[in-house]
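J.: Below you'll find the structure I mean.
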Amino acid sequence: MSAIRVRFEPAGLEVDAQPGEAIMDITDANPAADVPYSCRAATCGTCRVEVLEGGEALSTADEFELEVLDIFGDTPDKVRLCCQAKLLGGEATKVTPKVCED
């Protein structure tokens, strides 16, 4: 499987990750990604990120993530929770999540 380049904004950190890896695990291993967490279980929305590029390389949002996104008025085609999203791979070679500021 080919590595996927993940660039965390606004930190600017880029790391190579493998399909199947959870975004939360990537940020745990790379604290400089500077993604905030609280519950780590799709209940608070602290780790919301706008997906600027490569959303098709992420797992589908489940019902719990969708409920949290709905509270913030977000849709999974634009915003995801880092505690829930996993890399799938496919044709996308780069994913760029940007921490939501609100």
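Throughout, read-outs are computed from the coordinates displayed, never taken from laboratory work. Quick caveat, the model's predicted, so the values are computed rather than measured. Here the Cβ positions follow ideal geometry from the backbone for every residue, glycine too, while neighbour counts run over all protein chains shown.
J.: What number of residues within region 39-77 are closer than 21 Å to residue 90 by Cα and part of a helix (DSSP H, G or I)?
T.: 3
J.: Taking residue 74, is it surrounded by fewer than 13 Cβ atoms within 10 Å (Cβ to Cβ) and of a type in the set (D, E, K, R)?
T.: On the way: surrounded by fewer than 13 Cβ atoms within 10 Å (Cβ to Cβ): no; of a type in the set (D, E, K, R): yes.
When the stated conditions are applied, residue 74 does not pass them.
J.: Among (1) more than 14 Å from residue 98 (Cβ to Cβ); (2) surrounded by 14 or more Cβ atoms within 10 Å (Cβ to Cβ); (3) among the aliphatic types (A, V, I, L, M); (4) in contact with a Cys (Cβ under 9 Å, 6 or more places away or on another chain), which single condition is residue 17 missing?
T.: All conditions are met except number (4).
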